[in-house]
Amino acid sequence: MAELLVIAGQRAGELHPASLEAIAAARSVKLAGDTLAVALIAADPQALVGALSVEGVDEVIAIKASDDFQPDLTEAVILALAEARKPALIATAHGVDAWSFAPAAAVKLGCGLATDVQALRLEDGALVATRAGYAEKVLVDLDFPGKETVLLTIRTNVFEPAAGSGSPKVTEMAAPAADIATTHEGWKPPADAGGIDIPGSEFILSIGRGVGDESNVEQFLELAGGMGATLGCSRPIADNGWLPKARQVGQSGQLAASCKLYIAMGVSGSVQHQWGMKHVETIVAVNTDPEASIFSIARYGIVGDMFEIAEELQNHF
Amino acid sequence: MKILVAVKQAAFLDDEFEMRADGRDVDADFFEKDLNEFDHFSVEEAMLIKEAAGDAAEVVIAIVGDEDADDALRTALAKGADRGIRVWDDALAEADGVAVARVLARLVEREQPDMVFTGAQSADFGSAVTGMALAGLLGWPHAAVVCNLDYTPGAKTATLRRELEGGLEEIMTIRCPAVLSIQLGINQPRYASLRGIKQAKQKPVDELSLDDLGLSAADIAPVARVRKMYAPERGKAELITGSAAEQAARLAEIIKELRGM
Ligand SMILES: Cc1cc2nc3c(=O)[nH]c(=O)nc-3n(C[C@H](O)[C@H](O)[C@H](O)COP(=O)(O)OP(=O)(O)OC[C@H]3O[C@@H](n4cnc5c(N)ncnc54)[C@H](O)[C@@H]3O)c2cc1C
Ligand SMILES: Cc1cc2nc3c(=O)[nH]c(=O)nc-3n(C[C@H](O)[C@H](O)[C@H](O)COP(=O)(O)OP(=O)(O)OC[C@H]3O[C@@H](n4cnc5c(N)ncnc54)[C@H](O)[C@@H]3O)c2cc1C
């Protein structure tokens, strides 16, 4: 008869879609008799109750406050709910907002904590969470002996978003007192893409840090052009200013939404890069490191040097 | 005025590696270690603030790690930071981000900095825990994944941008002192000069134990226990073998077939 709690999120009044994935994760360890409650802070939380009324959700806790993300408030809410309800599990999406509040809330609570969790299960009644380590090259199973409550942040794009309909009861909760140290001042939208269309491209050739030097980039632009592909890149290439940000694939860049063929050269396959391309049906990885995690999501792998492969490939187009 | 920058020595696995006998970590023989990539950016940010203030801020580098970690500490010092602190105790061998944060919290109490930076995450474990756990322990204002910062040493507030998903950024002001976790790309980290590297060897480094900080092994108990570590089941990648010419020819075939060329 455990209580499971999910902290949902919103941005400017729009539900953070990964909240439904966190619900799915919590639901996967929900046993008969357990209750699953979802808490949401928003200016108009009632407007989002419908979206959260998915199968398995027993209660939506609506906290009326500003739509602005305020880590101090989120932490105060988690503390108040944890003290009142002693949940066995608190789950939330491993989004950028959670990066601010989850570790701080966990130490204030003194609970168990694991971030970027990609699988969870109950083993003899104990919660076991799996996350990656050493740049995605290993997995680690974690448990939380002696912890009454465990807070987990759930990797996005792993759990199928919770769907189906539920009829949760709605509880209104007054925002707890919190010393708010941050003030939202506005947004800065991404720079104009300048005609580069990663989301619309069916065929992308992406280069990562393996390209080594700015002077090596040009040949891949030419190769992509010759093959009829759009050139994409990993973040360090855009951060260095070697290619415009609009070409960056990944969590803080573009989603390769229409892509059917993705060739990644010299890209290691970090979780943030995968976010933008993992779903592509045919991924080809070219990497000198046979253990690079990109190979674990690729359909075809070439363990080899991207320059040699690129040079040879050029002859075919 | 003082900025404390916490840095980590991240571990990278060799192309081939083996697990430790207890199955809870990789055998230490198979590690390459280096300053966490994110920390190049946080150290640089502190140096830029120091320089813009005409040197009116001290930059202190803190690391929790054994003698091996001295390299990462010196790498940070070589970029111009003033001094370092290294905390180690064998009891820290299984420390996680929260345990490291507990140690850092004691250092903050001792050093009383005006601002604390950490990296947004580590390149090896990527928990994104240490900085914000530290803020929680201190009860300080905090923001994670900071990709732009406007701060003058000693100021009561700072203006920053948090990097959100999809390239969107949020502009916020924050009360100081604060703990900020710094994102890749916030600046262009400098390379240490030869002179800097030489000087780094001479820079003062305080070596402290848990005892010196009034902490016991029980204070740094991890928030999660490693049951086991293992190599993931490798996906279905079909390896294309042969010479580079043969590999490229096969790849060209795949491309032409899928693209209907
Ligand atoms: C909040 C947040 C958001 C992020 N968003 C993104 C994002 O949107 N997109 C993104 O990409 N990253 C993002 N990152 C960064 C991410 O964590 C990684 O740092 C980044 O993806 C690494 O890029 P990479 O694979 O090119 O470099 P590395 O990890 O350094 O990998 C380089 C690879 O090249 C291989 N290589 C080297 N030489 C050769 C050669 N000659 N031939 C073939 N292979 C070679 C190496 O074996 C290695 O695998 C984000 C990070 C954070 C914290
Ligand atoms: C299975 C396992 C094995 C481990 N093996 C080792 C090991 O062999 N050697 C070892 O030293 N640690 C080891 N650790 C500890 C771990 O690598 C980190 O030091 C700790 O967990 C911090 O978390 P993180 O790396 O995910 O950093 P994150 O929470 O992602 O935060 C990164 C930032 O926090 C700060 N930070 C993180 N760690 C430190 C530190 N030690 N000192 C100062 N600042 C820091 C830095 O600013 C860094 O940029 C192990 C952990 C696990 C779970």
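The values are calculated or read from the model by the stated rules, or taken from the named source; none is laboratory data. What you see is a predicted model, and the numbers here were worked out from it, not measured in a lab. With ideal geometry, Cβ positions are generated from the backbone for all residues, glycine too; neighbour counts draw on all protein chains shown.
For this structure, a couple of remarks:
- Residue check for A:G164: out of contact with any Asp or Glu (no Cβ under 9 Å at 6 or more places or on another chain) and away from chain B (no Cβ under 14 Å): no
- Residue count, the range B:166-185 (criterion: in contact with a Lys or Arg (Cβ under 9 Å, 6 or more places away or on another chain) and outside any strand (DSSP E or B)): 6
- Check on A:P71, of a type outside the set (A, V, I, L, M, F, W, C) and more than 14 Å from every other protein chain (Cβ to nearest Cβ): no
- Summed over the range B:228-248, the residues that are more than 7 Å from every other protein chain (Cβ to nearest Cβ) and either within 30 Å of B:R102 (Cα to Cα) or modelled with pLDDT of 95 or more (or both) give a count of 4.
- Among the residues of the range B:208-227, none qualifies, meaning not one is part of a loop (DSSP other than H, G, I, E, B), facing another protein chain (nearest Cβ under 9 Å), in contact (Cβ under 8 Å) with a residue 24 or more places away in the chain and loosely packed, with under 13 Cβ neighbours inside 10 Å.
- Flag if A:A135 is small (G, A, S), at the interface with chain B (Cβ under 8 Å from one of its Cβ atoms), buried (at least 24 other Cβ atoms within 10 Å of the Cβ) and under 20 Å from the mean Cα position of the chain (by Cα): no
- When the range B:122-139 is filtered for residues that are more than 20 Å from B:E94 (Cα to Cα), touching a strand residue (DSSP E or B) at 6+ places or on another chain (Cβ under 9 Å) and more than 7 Å from chain A (Cβ to nearest Cβ), only B:L138 remains.
- Conditions (1) surrounded by 23 or more Cβ atoms within 10 Å (Cβ to Cβ); (2) more than 10 Å from ligand 2 (Cβ to nearest atom); number of the one not met by B:V103: (2)
- Cβ pairs under 9 Å, 6+ apart, first in the range A:82-105 and more than 13 Å from chain B (Cβ to nearest Cβ) and free of Cβ contacts under 8 Å to residues at least 12 places away in the same chain, second among the hydroxyl-bearing types (S, T, Y) and assigned to a helix (DSSP H, G or I): none
- Per the listing B:A135, B:A128, B:A144, the residue uniquely crowded, with 24+ Cβ neighbours inside 10 Å, free of Cβ contacts under 8 Å to residues at least 40 places away in the same chain and either within 14 Å of ligand 2 (Cβ to nearest atom) or part of a loop (DSSP other than H, G, I, E, B) (or both) is B:A144.
- Odd one out for A:H273, checked against (1) outside any helix (DSSP H, G or I); (2) under 20 Å from the mean Cα position of the chain (by Cα): (1)
- Matching residues, the range B:1-18, being over 16 Å from B:F125 (Cβ atoms) and among the hydrophobic types (A, V, I, L, M, F, W, C): B:M1, B:I3, B:L4, B:V5
- Residue match in the range A:1-11 (condition: assigned to a helix (DSSP H, G or I) and over 26 Å from A:E123 (Cβ atoms)): no
- For the range A:224-233, filtering for residues that are crowded, with 16+ Cβ neighbours inside 10 Å and within 11 Å of chain B (Cβ to nearest Cβ) leaves 2.
So that you can scan it fast, the table gives a plain yes or no per residue for (1) surrounded by fewer than 24 Cβ atoms within 10 Å (Cβ to Cβ); (2) among the hydroxyl-bearing types (S, T, Y); (3) more than 8 Å from ligand 1 (Cβ to nearest atom); (4) closer than 22 Å to A:A310 by Cβ:
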| position | (1), (2), (3), (4) |
| --- | --- |
| A:P236 | yes, no, no, yes |
| A:W242 | yes, no, yes, yes |
| A:G250 | no, no, no, yes |
| A:L255 | yes, no, yes, no |
| A:C259 | no, no, yes, yes |
| A:W275 | yes, no, no, no |
| A:K278 | yes, no, yes, no |
| A:N287 | no, no, no, yes |
| A:A292 | no, no, no, yes |
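- Scanning the range B:1-35 for residues that are assigned to a loop (DSSP other than H, G, I, E, B), within 16 Å of ligand 1 (Cβ to nearest atom) and surrounded by fewer than 21 Cβ atoms within 10 Å (Cβ to Cβ) yields B:D14, B:D15, B:E16, B:F17.
- The selection criterion, being in contact with a strand residue (DSSP E or B) (Cβ under 8 Å, 6 or more places away or on another chain) and more than 12 Å from chain A (Cβ to nearest Cβ), does not hold for B:A11.
- Only one entry of A:G125, A:G133 meets the criterion of being without any contact (Cβ under 8 Å) to a residue 40 or more places away in the chain and within 15 Å of ligand 2 (Cβ to nearest atom), and that entry is A:G133.
- Verdict on A:A84 being within 16 Å of ligand 1 (Cβ to nearest atom) and not charged (D, E, K, R): no
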